[in-house]
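Undergrad: I have a structure here, written as structure tokens, and I will follow up with some questions on it.
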Amino acid sequence: MVLSTTWPQVLAWRLRRQFVDPVSGPDAVSVVRRLAGVQAQVASSAELAVAVRRADPRPGEIGEALWLDRTLVKTWTARGTLHLVPSDELPAYAAVLGSFRNWEKAAWQRGHGVTAEEVTAILEAVPKALEGHVLTRDELVEAVIETTRDVHLRQALTSGWGALLKPLSFLGELCYGPPREGRVTFVSPRDWVPGGASAPLSRDEG
């Protein structure tokens, strides 16, 4: 038996597969949840990706969810790129991403110009620096250097695309805070997420 389809049927099927019906949910958080995160390397692209999946999109709803309601979190997840994820699902993302631990590999450390000891120092210093604070990248770097007394970390932490901060994101210890005068900021999910972000789920729980 041979089935035939029309191009409109093919296109309609592809739109449904991408959840562009739009029937994905009553709000932005529901759309992000259904898509298992929305890439947010470019903020406007993330807003568009959600809007086309909403029957009645509302300008500014992503910003409200991120910075006012805090029901969405912006952080590094899949492929080490920035994504929006529901705040209450952050422990599940950390359970998966934190299990890879590629930053413990010698090749990763050589590629980023740091030693195993320096990586450990960063992982310990950043959560302490962010506790109760909203810090720009420069402020966070200075706080880490003040704690570790390792000035070499300034170059490592300020170069590239935040590669040395991504492990903190994968472990659920860091996420983006509200922009300040055009600059990004970082916060601790424990402080930022309503009710406080819980510890990452175990593999069995995930």
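The values are calculated or read from the model by the stated rules, or taken from the named source; none is laboratory data. Remember, it's a predicted structure, so these values are computed and weren't measured experimentally. Glycine also receives a Cβ, built like all others from the backbone with ideal geometry; neighbour counts cover every protein chain displayed. In case anyone asks, the SASA skips ligands and DNA or RNA and just uses the protein heavy atoms, side chains included. Shrake-Rupley method; radii C 1.70, N 1.55, O 1.52, S 1.80 Å.
Undergrad: In whole Hz and in residue order, list the ³J(HN,Hα) couplings for the range 89-105 that follow from phi through the Karplus curve 6.51 cos²θ - 1.76 cosθ + 1.60, θ = phi - 60°; x for Gly and Pro.
TA: Once θ is set to phi - 60°, the couplings for the range 89-105 become 9, 4, x, 5, 4, 5, 4, 7, 5, x, 7, 6, 6, 5, 5, 8, 7 Hz.
Undergrad: Here are some values of Cα extents along the principal axes in Å: [x] 76, 58, 32; [y] 56, 37, 34; [z] 69, 41, 33. Which one was computed from this structure?
TA: Of the labelled values, this structure produces [z].
Undergrad: Please label the shape of the range 27-87 as rounded, prolate or oblate, based on the square roots a ≥ b ≥ c of the eigenvalues of the alpha-carbon gyration tensor (a/c under 1.5 means rounded; beyond that, a/b larger than b/c means prolate, else oblate).
TA: prolate
Undergrad: Next up: Select from 68, 95, 144 the residue farthest towards the positive end of the dipole of the chain; place +1 on Cβ of Lys and Arg, -1 on Cβ of Asp and Glu, and compute about the Cα centre.
TA: 95
Undergrad: Step through the residues of the range 128-143 one at a time and calculate ³J(HN,Hα) from phi using the Karplus curve (6.51 cos²θ - 1.76 cosθ + 1.60, θ = phi - 60°), rounding each to whole Hz and writing x for Gly and Pro.
TA: 5, 5, 7, 4, x, 10, 10, 10, 5, 4, 4, 5, 5, 4, 5, 5
Undergrad: Here is a further query. What distance in nm separates the two pseudo spin-label positions at residue 131 and residue 154, each 7 Å out from Cα along the beta-carbon direction?
TA: Each label point lies 7 Å from its Cα, and together they span 2.6 nm.
Undergrad: Based on the Cβ-Cβ distance of residue 184 and residue 10, what FRET efficiency does E = 1/(1 + (r/R0)^6) give at R0 = 35 Å, to the nearest 0.05?
TA: Rounded to the nearest 0.05, the efficiency is 0.30.
Undergrad: How large is Rg over Rh for the range 103-170, taking Rg from the Cα atoms and Rh as the Kirkwood inverse mean of 1/r across Cα pairs? Numbers along the way, then the final one.
TA: Details: Rg = 11.1 Å, Rh = 12.0 Å.
For the range 103-170, the value is 0.93.
Undergrad: Carbon and sulfur together cover what percent of the accessible area of the chain at a 1.4 Å probe radius?
TA: 55 percent
Undergrad: Right, next: Could you tell me the distance between the Cα centroids of the range 135-157 and the range 39-94, to the nearest Å?
TA: The range 135-157 and the range 39-94 have Cα centres separated by 28 Å.
Undergrad: Here's another thing I want to ask about it. Taking a spot 7 Å from the Cα of residue 120 along the direction of its beta carbon, which residues of the range 71-98 have an amide N less than 16 Å from it?
TA: Zone members listed by number: none at all.
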